[in-house]
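The values are calculated or read from the model by the stated rules, or taken from the named source; none is laboratory data. Being a predicted model, the structure only gives us computed values, none of them experimental. Every residue, glycine as well, gets a Cβ built from its backbone with ideal geometry; the counts of neighbours run over all protein chains shown.
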Amino acid sequence: MTQQQKWYIVNVTPGQENKTSLEIKSLLQKGVLQDNISEIVVPTKLVARVRRGQKVLEAQKIFPGYIFILADLSKFVYDTLVNLPKVIGILGSKNNPKPVTDHEMLEILKYNTNQENIAEDHKNLQFQIGETVKIIQGSFDSFSGIVEEFDQEKQKLKISVSIFGRSTMVDLSIDQVEKIEN
């Protein structure tokens, strides 16, 4: 990042954030924008969704219709970006874009990084048979139980829960339980 480069928000057609960022990256590779843009970010968060009966983590855009660029925004770069298809404009008044403060961008970038770490942790989560876990979602919310089976591929657990003094088996996905730290 050079001294003149600042973060700017580019307003794009909603749903076209990734295509627009790829278009800007292709202009960088062709040398049209030279070294005027050093980073392009489409902030996302991870959301659990059910697809074909399976719960999966998907990236959802935090700011639909916006991408963030770290750029030295000269008149040429401004005009090039604004004239791209799917670009509505750059936030700020016409011909005078307003940069985002470094503090605000650090929060957004930190959030983006934390979400990537959560996804990695979710994939690498391991449960041991005989381990005690706490149920955090569903009918048995706040119950504790013992892991009887763990299917890493399907991300499913069979947990033995004591209800009225009797052991009952419950099938749960890994995001419905949390490990109890000893």
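A few remarks follow.
- Some residue of region 26-35 being modelled with pLDDT of 90 or more and of a type in the set (Val, Ile, Thr): no
- Yes/no for Val87 being outside the structural domain of Leu172 (by TED's automatic domain parsing), among the β-branched types (Val, Ile, Thr), surrounded by 13 or more Cβ atoms within 10 Å (Cβ to Cβ) and modelled with pLDDT under 90: no
- All conditions but one from (1) more than 17 Å from the chain's Cα centre (by Cα); (2) under 22 Å from Gly15 (Cα atoms); (3) not polar (S, T, N, Q) apply to Phe76; the one that does not is (2).
- Figure legend. Inter-residue proximity from region 169-182: first residues free of Cβ contacts under 8 Å to residues at least 60 places away in the same chain, second residues of a type in the set (Ser, Thr, Tyr), beta-carbon distance below 8 Å, spacing 6+ or different chains. Indicated pairs: Met169/Ser160; Val170/Ser160; Ile180/Thr132; Ile180/Ser144.
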